[in-house]
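Right, one structure below, let's go through it.
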Amino acid sequence: MSEIDFICTEKVTGIKLDKGWCYVSCSNSTKKLQRTVSAFTCLDCNNTNAVGIGWRCPISIADETAEGLFVCFDGVMTKLHNMRRAYEAGHLLAGDGVNPEDTQAPPFVADMEGKTYKFNVK
């Protein structure tokens with residue numbers, strides 16, 4: 001089965017941050033970690049010490065024909081904002097020892113609203 005790529009130019013009409021801007025992830029695989037009473041565990045590699053942060057930023061996008069919801073994860077947000085990983089943004093906002101899930105999104109995330117981007121959809 002072949003993949004079909006679409007390149008579309010869309011305007012960001014809203015940022016949906018009611019569930020946060022990031023998630024606690026495995027620093028090895030960027031998979032979401034399972035939270036237990038005393039630790040986070042990666043179900044892929046069974047590591048309890050590989051804690052990182054992953055981007056999860058739902059945005060509303062629209063053009064002249066339609067609108068939809070696009071969830072930006074690590075690769076997309078990295079390209080849009082020149083940051084290697086979400087932990088860089090979290091560290092800038094909260095510093096060491098603060099759970100980034102408990103912080104507000106970085107200002108540049110809110111600044112996306114009203115801007116137009118090209119998206120490659122597979």
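The values are calculated or read from the model by the stated rules, or taken from the named source; none is laboratory data. Computed from a predicted model, the values in this text were never measured in an experiment. Note: ideal-geometry Cβ built from the backbone for every residue, glycine included; neighbour counts use all protein chains shown. Keep in mind that these areas ignore ligands, DNA and RNA; they rest on the heavy atoms of the full protein, side chains included. Shrake-Rupley method; radii C 1.70, N 1.55, O 1.52, S 1.80 Å.
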### Query
Within the stretch 41-62, how many residues turn out to be modelled with pLDDT of 75 or more, over 15 Å from Met77 (Cα atoms) and open to solvent by 50 Å² or more (accessible area, probe 1.4 Å)?
3
### Query
Which of the residues that make up the stretch 63-91 are more than 24 Å from Thr9 (Cβ to Cβ) and either in contact with a Ser or Thr (Cβ under 9 Å, 6 or more places away or on another chain) or modelled with pLDDT of 85 or more (or both)?
Arg84, Arg85, Ala86, Tyr87, Gly90
## Note on the structure
Among (1) at pLDDT 75 or above; (2) open to solvent by less than 50 Å² (accessible area, probe 1.4 Å); (3) in contact with a helix residue (DSSP H, G or I) (Cβ under 6 Å, 6 or more places away or on another chain), Ala94 falls short only on (1)
### Summary
By residue number, the members of the stretch 1-28 that are within 18 Å of Gln104 (Cα to Cα), assigned to a loop (DSSP other than H, G, I, E, B), in contact with a strand residue (DSSP E or B) (Cβ under 6 Å, 6 or more places away or on another chain) and not aromatic (Phe, Trp, Tyr) are Lys16
#### Entry: Output for the stretch 8-40, where each listed residue is closer than 27 Å to Thr116 by Cα, surrounded by 14 or more Cβ atoms within 10 Å (Cβ to Cβ) and charged (D, E, K, R)
Glu10, Lys11
